[in-house]
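K.L.:
Sharing a structure below in structure tokens format, with a few things to ask.
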Amino acid sequence: MSEPIRVAVLGASGRMGTTTVRAVQEADGLELVAALDAGDDLRSVTDAGAQVAVDFTVPSVTEQNVHVLVDAGVHAVVGTTGWDDASLGRVHDHLLRAPGVGVVVAPNFALGAVLAMSFARQAARWFESAEVVELHHPDKVDAPSGTARHTAQGIAAARAAAGLGAVPDATTQTLDGARGADVDGVRVHAVRLRGLVAHEEILLGNTGEMLTIRHDSFDRVSFMPGVLLAVRRVVDRPGLTVGLEHLLGLPA
Ligand SMILES: NC(=O)C1=CN([C@@H]2O[C@H](COP(=O)(O)OP(=O)(O)OC[C@H]3O[C@@H](n4cnc5c(N)ncnc54)[C@H](OP(=O)(O)O)[C@@H]3O)[C@@H](O)[C@H]2O)C=CC1
Ligand SMILES: O=C(O)C1=N[C@H](C(=O)O)C[C@H](O)C1
């Protein structure tokens with residue numbers, strides 16, 4: 001039998017961190033060797049001999065964590081939000097100087113959410129209108145969600161590739177925020193409600209019809225199959241991968 005993959009979890013006491021620690025401990029072929037929280041020294045990841053670190057921390061520290069891990073030759077699986085083209089570009093460039101090291105950044109590890117985003121990209125070219133509504137627990141610190149941004153970017157790219165123009169919208173008078181955030185021309189709305197975990201609705205409209213694509217994470221265990229898949233794959237996937245769709249063989 002092959003040796004287990006040695007895994008560290010960053011943000012281990014958080015909502016996702018605690019679920020990830022449990023999932024790694026229960027997974028075949030993985031061994032939890034370090035669990036770090038705010039204030040812990042990242043050197044304990046390498047001291048513990050971790051091959052892969054999973055980051056579920058906070059947007060303000062996740063990029064710096066990844067650079068430290070890459071310098072140490074540790075593969076990274078990142079679920080923390082807050083990434084943009086500039087921060088992803090810096091990690092991409094860093095990885096060119098660290099051959100063999102892999103980083104997977106995924107805004108959502110729930111298989112249904114990744115499929116919903118893929119379906120939305122596939123459908124987007126056939127609809128005049130598109131808007132995204134994300135709904136989360138009120139303890140979430142960022143809005144809109146990383147998933148909603150990724151969804152809107154995918155829809156916008158599909159619309160552009162199909163030669164569609166701007167989404168129709170006659171609004172000229174509005175309260176600030178009433179039409180949500182503009183992500184590449186696609187409106188994104190964020191709801192924060194006690195009782196929710198993580199939910200998204202993608203609304204696609206034509207005259208006389210609407211297609212709704214909805215995904216619900218009712219429990220954080222929904223993210224774990226995707227996290228474990230990424231941990232197992234990242235060790236043989238050098239460079240930067242953005243989005244779990246690439247590991248599931250879905251069209252990007
Ligand atoms: N990709 C995906 O599928 C998913 C992504 N997420 C994202 O994951 C992130 C975490 O979410 P969630 O678990 O709900 O948030 P929490 O606030 O529950 O957890 C974050 C944890 O990170 C800790 N932390 C802060 N700074 C550091 C640091 N420098 N090193 C190590 N740990 C640190 C915090 O500690 P302290 O509280 O002491 O500051 C806290 O325990 C968010 O960005 C969220 O959007 C969430 C769900 C799914
Ligand atoms: O903070 C959360 O809870 C979640 N964050 C991620 C995001 O911002 O997209 C993934 C999921 O929506 C849960």
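K.L.:
Taking the Cα centre as origin and putting +1 on Lys and Arg beta-carbons and -1 on Asp and Glu beta-carbons, what dipole magnitude results for the range 23-91, to the nearest 20 debye?
P.N.:
Values: 2 positive and 12 negative charges, 32 e Å.
Approximately 160 debye in magnitude.
K.L.:
Tilt of helix 224-234 relative to the longest C-alpha principal axis of the chain, in degrees (0 to 90, nearest 10)?
P.N.:
That helix lies at roughly 60 degrees to the long axis.
K.L.:
Something else about it: In degrees between 0 and 90, to the nearest 10, how far off the longest principal axis of the chain does helix 146-161 point, with axes built from Cα atoms?
P.N.:
With rounding to tens, the tilt is 60 degrees.
K.L.:
Still on this structure: FRET efficiency for ASP41 and ARG192, Cβ-Cβ distance as r, R0 = 30 Å, nearest 0.05? Mind showing how you got there, number by number?
P.N.:
Details: r = 34 Å, r/R0 = 1.12.
Result of the calculation: an efficiency of 0.35.
K.L.:
Taking the Cα centre of the range 1-136 as origin, work out the dipole magnitude from +1 charges on Lys and Arg Cβ and -1 charges on Asp and Glu Cβ, in debye rounded to 20.
P.N.:
Here the range 1-136 has a charge dipole of around 200 debye.
K.L.:
Just need the Rg to Rh number for the chain, please, alpha carbons only, Kirkwood Rh. Each step should come with its number before you reach the end.
P.N.:
Working: Rg = 18.9 Å, Rh = 19.0 Å.
Result for the chain is an Rg/Rh of 0.99.
K.L.:
Something else about it: Putting +1 on Lys and Arg Cβ atoms and -1 on Asp and Glu Cβ atoms, find which of VAL70, THR171, ALA12 reaches farthest to the positive end of the dipole of the chain.
P.N.:
With unit charges placed on the Cβ atoms, the residue in question is THR171.
K.L.:
Mind listing the Cα extents of the range 145-252 along all three principal axes, in Å, largest one first?
P.N.:
Sorted from largest, the Cα extents of the range 145-252 read 51, 39, 27 Å.
K.L.:
Please determine, in degrees from 0 to 90 and to the nearest 10, the orientation of helix 85-96 with respect to the longest principal axis defined by the Cα atoms of the chain, where the helix direction is its Cα long axis.
P.N.:
30 degrees
Where a number appears in this text, it was derived from the coordinates with a stated rule and is not lab data. The structure displayed is predicted, hence computed values, not measured ones. Methodologically, a virtual Cβ is constructed for each residue, glycine included, from the backbone with ideal geometry; neighbour enumeration extends over all protein chains shown.
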